[in-house]
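Worksheet: one structure, shown below.
Each value in this text was obtained by applying a stated rule to the coordinates, not by laboratory testing. Because the structure is predicted, anything quoted here is derived from the model rather than measured. Cβ sites come from the backbone with ideal geometry, for glycine too, and all protein chains shown count toward neighbours.
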Amino acid sequence: MIQLSLEEWSVSIRPSGSRLEELRAQFLTASDPDLAVPPDLLESWLRSKSALGAPANVRDVPRVDEDLLDNHLLEMFQAPMARAAEDLAGSGMGLLLADAQGRIVQRWSLDSSAMTQLDRIGTVRGAVLAEDAVGTNGVGTAIASGKSVLIEGAEHFADVYRDALCTGAPVWHPITGKLLAAVTMSTKIDERSGLLLPLTNSLAAQLQQHVLDVAQPGARAMLAAFLDASKRHDGPVVAFGPDGLTMRSRRAGELTQTDVDLIGHLCAGLRHDSRVTADLSTGHTAIEARVLDGDAGVVAALRPAPRVMSGHGKPSSDGLVGQTKSWLSAAHHVSRHIAARTALLIAGEPGSGKTSLALGRPYRPGSAQSDVTVLHTAQRQIVGDQVWLQDLSDAVAGAARVVVRGVEHLDSQSSSALRALADAYAGRGSLLLTVSAATQAEAEAAATRLGVAMVWVPPLRERAADIPALWNALVAQRAPGLRLALSDGARQALEAAGWPGNLAELRTLVAQLVTDGVRGVVHADQLPDSLRAHRSWSMIERTEMETIRRALQEAGGNRSKAAELLGVSRATIHRKLKTYNLSG
């Protein structure tokens, strides 16, 4: 990662808003501006005035046809920009990527208010924000000066930007030194973050590191294959190269980071071209994975995958979700016993998905099962042992598959009767029993008593890589069509959790968030306290922590001096120290 000096992070002390208005008026009327105007800003105003004359001459933001935009540049930086946008969700900020001519190649934000603000000031794809087109602004001034800038309110040349605040930083090729692009964070002036400029610098540094990664010999083949697939394929394309390098096509912009992580998990370890399906936040998706020679990576092309139609002519969302080896092994074990029509005990912790494995699809209590008879041992308490055992005998004799849930509740007499039935009907139909057990040893003892084979279902904490796919599937089941995507921080928190209630606990969490009216991206601070304790810091938070640490170190631990170096108030430093549990 390219390191930035504290001087590059620091923000100059600026005149107040009213004073700046006065200085700007003096400048525009040819009076000598007060020396309080920062020199770099004064130079930008001079360039803007020379090119445009008066601010009133900037009536509309010029635009170019999208065919003239550099989509290769967009595809190069789509992945890191999309990830940064997820980190900024809830901040009210929008992200912009412009080419070296100041033309907006793409914008990102998960906040509708930020997108509305960008629309209002004409900052859309194709907009030209070069200094000689619209005057002083975060994009054009960063390009013209070759420096990172913070432009606030009246510091803009054109009146259209008077209530906007934006920071911009140039993105240089780390090898050739050529200016590739400019990255900008934009927001309303009343939503200013004191660390906005350091965050913009950090993002620019990440983009430069991304270019360096792509320039490595091992990544060139992946880049070529990715660009070729993006050109030929109408849908989203995601590529995974060596050393964690990831690229997304423009059409993959709708994917969340959780989606990308899930696709990467499914593609990891493939040795030949494959086709798999997954439930993403955008819907049920077919993934065509092309494995590149020489361990150069995998290129995944995505397209919608229609679900299997149910008997009622409606799309079915049935299908087990999971790709971890332990889960797939258990599913394969169950399938073999069903095919052989032999009895099997499916064991695991409560809520781990035992009945779903027995059915071969997600189990929904109370739903009709046309091809499987499902009995629960709890029914014995209602109808009595004799009636329940007779119902079981009739079911085993008349159905191709019978699932008996909760056999841990059977007494010794009923267990013996169940074992006799399993022996009597062996080979005539499959009998699948489920038992909740704390350990595999406990489950094996139960299997021995019943005289059947046993398979252990892994708990959710041991198949954390399946959580993103399970999340998307449960959201689709609970509220079809609703977008409820995990942020990177929320996903990490869920993957690190202990899940004593397993899938049932995850299902309850999804149901609660839907009931509470949560929509869009779910962040870590929206999770229950028991889960938030496991969350990781986002890129933005890690950058803020590192910035504050370095400022305090340079200031010798003096908070007031550190605040001055960063251009923020002492109260902001104090609040951030408390938030991140930093000493200083």
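Some notes on this structure:
- Across all C-alpha atoms in segment 85-226, the radius of gyration and Dmax reach 15.1, 48 Å.
- Annotation: peptides 225-232, 339-346, ranked by per-residue average of other Cβ atoms within 10 Å with the highest first, follow the order 339-346, 225-232.
- Dipole axis of the chain (+1 Lys, Arg; -1 Asp, Glu on Cβ), positive-most option in Leu42, Val214, Gly360: Gly360
- Fewest-first sequence of Ser560, Ser281 by Cβ atoms within 10 Å of each Cβ: Ser560, Ser281
- Convex hull volume per residue for segment 217-304, taking Cα atoms only, in Å³: 81
- Mean Cα-pair separation over length for segment 325-457, i.e. relative contact order, pairs under 8 Å, 6 or more apart, %: 42
- Cα-based helix-to-principal-axis angle, 196-215 vs the chain, degrees rounded to 10: 70
- Aspartates and glutamates with Cα under 14 Å of Lys561, excluding same-chain neighbours fewer than 8 positions away: Glu7
- Sorted fewest first by neighbouring Cβ atoms within 10 angstrom, Asp234, Asp525 come out as Asp234, Asp525.
- 222 nm mean residue ellipticity, helices alone, for the chain (DSSP H n ≥ 4; -39,500 (n - 2.57); rounded to 500): -13000 deg cm²/dmol
- Assuming charge only on the beta carbon of Lys and Arg (+1) and of Asp and Glu (-1), the dipole of segment 87-188 about its Cα centre is about 220 debye to the nearest 20.
- Nearest 10 degrees, 0 to 90: helix 217-232 Cα axis against the chain principal axis: 80
- Short to long, the 20 Å bins of the Cα pair-distance histogram for the chain hold 18, 42, 26, 12, 2, 0 percent of all pairs.
- Taking the Cα centre of the chain as origin and assigning +1 to Lys and Arg Cβ atoms and -1 to Asp and Glu Cβ atoms, the resulting dipole is close to 1040 debye.
- Set of lysines with alpha-carbon distance to Lys188 below 24 Å, sequence-local pairs under 8 removed: Lys147, Lys576
- When both segment 387-422 and segment 158-235 are represented by their alpha-carbon centers, they are found 63 Å apart.
- Under the convention that each Lys and Arg Cβ holds +1 and each Asp and Glu Cβ holds -1, the size of the dipole of segment 462-532 around its Cα centre is about 260 debye.
- Ordering Val299, Ala563, Gly253 by Cα displacement along the dipole of the chain toward the positive end leaves Val299 in first place; charges were set at the Cβ atoms of Lys, Arg (+1) and Asp, Glu (-1).
- Phi-derived couplings, Karplus 6.51 cos²θ - 1.76 cosθ + 1.60 at θ = phi - 60°, listed residue by residue for segment 110-125: 9, 10, 5, 5, 5, 5, 4, 4, 5, 4, 4, 9, x, 8, 10, 4 Hz, with x used for Gly and Pro.
- Mean separation of Cα contacts under 8 Å (6+ apart) over length of the chain, as relative contact order %: 12
- Residues whose amide H lies under 5 Å from that of Arg364, counting only those 5 or more places away or on a different chain, are absent; hydrogens are built 1.01 Å from N in the peptide plane.
- Dipole axis of segment 462-532 (+1 Lys, Arg; -1 Asp, Glu on Cβ), positive-most option in Ala476, Val522, Gly501: Ala476
- Helix 412-424 and the longest principal axis of the Cα set of the chain meet at an angle near 80°.
- As a rough footprinting exposure proxy, the listed residues Glu444, Glu86, Glu505 were ranked by other beta carbons within 10 Å of their own, and the order from fewest upward is Glu444, Glu505, Glu86.
- Segment 539-579 pair-distance distribution - Cα-Cα, 10 Å bins, rounded %: 34, 60, 6
- Here Lys178 is the anchor, and the aspartates and glutamates within straight C-alpha reach of less than 13 Å, apart from those fewer than 8 places off in the same chain, are Asp99.
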